[in-house]
Amino acid sequence: MEFRMAVTTASETLRTLHRIHRQLEDLRGRIAAGPRQVAAHAKQLEAAEAGRAGVQEKIRQAKLSTDQKQLQLRSAEAKILDLNGKLNACKTNREYQLLTDQIAADTMATKVLEDEILESLENVDAVQRTLPVAEQAEAATRKLLEETKARVAEEAADLEAEVSRVQAELMATELELTGDARSLYDRSVKHKAADAMAPVEGESCGGCFQQITGKMASDLLLGQVVMCRSCGRLLYSPDARAPG
């Protein structure tokens, strides 16, 4: 009975330590994931802000183009008015005809310019209609970022508290390993962290799935700390009841 209890205790200790290490790894992973989520939403907000700014720039450029065309139209109309004023001052039919032709050409040009201005105004309206969508997308993304920051901060506090609790459990459980077993455990955990241990599944290492030797199986039954020769993990029975 004493032999069975010793074996069971050794197996349970490594099994419990593996569970605790994996729990800590999961908790720390969740803590680390929070800032990554915030950073991802921050990038999304930057993109939304750039999208809204891009729409505003398109509106500015469209309005500028329209203003320039309207200025050209006013200048052309003023020129036509000036040419019409000069008609009465013409001294020859030739001079009159040249002015008439120029007025006709300039008038045609203003018609083209008026069409361009109309098209430009329609373009301004079309671009302006996209601005509310861009602004709503930016607002929604900013809200999501703020909500994510708040949630991550709240979860981080809870997760840090859980990490402290689990670390205390780890330290208490590690005290059950002594001598060479503790030294071997400390070295393995230093290099492999939560991946330092693995259950024996059938006759194989549960980490790398390489078959263990008969001596390794016997040493495990005797309560000794057994290391996988293939991957270096510390092996334990997957069940609280040690075999044998």
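The values are calculated or read from the model by the stated rules, or taken from the named source; none is laboratory data. Being a predicted model, the structure only gives us computed values, none of them experimental. With ideal geometry, Cβ positions are generated from the backbone for all residues, glycine too; neighbour counts draw on all protein chains shown.
Some observations on this one:
- Just one of the listed residues (Glu57, Glu95, Glu77) is touching a helix residue (DSSP H, G or I) at 6+ places or on another chain (Cβ under 8 Å) and part of a helix (DSSP H, G or I), namely Glu77.
- Exactly one residue out of Gln128, Gln102 is touching a helix residue (DSSP H, G or I) at 6+ places or on another chain (Cβ under 9 Å), surrounded by 12 or more Cβ atoms within 10 Å (Cβ to Cβ) and either in contact (Cβ under 8 Å) with a residue 60 or more places away in the chain or within 30 Å of Leu17 (Cβ to Cβ) (or both): that is Gln128.
- Matching option when the condition is polar (S, T, N, Q) and either modelled with pLDDT of 90 or more or farther than 23 Å from His21 by Cβ (or both), among Thr141, Thr178: Thr141
- Residue among Lys190, Lys143, Lys111 that is loosely packed, with under 13 Cβ neighbours inside 10 Å and within 30 Å of Gln224 (Cα to Cα): Lys190
- Within region 202-218, not a single residue is in contact (Cβ under 8 Å) with a residue 12 or more places away in the chain, assigned to a helix (DSSP H, G or I) and charged (D, E, K, R).
- Comparison of Ala50, Ala137, Ala39, Ala109 shows that the only residue that is in a helix (DSSP H, G or I) and touching a Gly at 6+ places or on another chain (Cβ under 8 Å) is Ala137.
- Of the criteria (1) in the same structural domain as Asp82 (by TED's automatic domain parsing); (2) more than 34 Å from the chain's Cα centre (by Cα); (3) exposed (fewer than 15 other Cβ atoms within 10 Å of the Cβ), which one Ala153 fails: (2)
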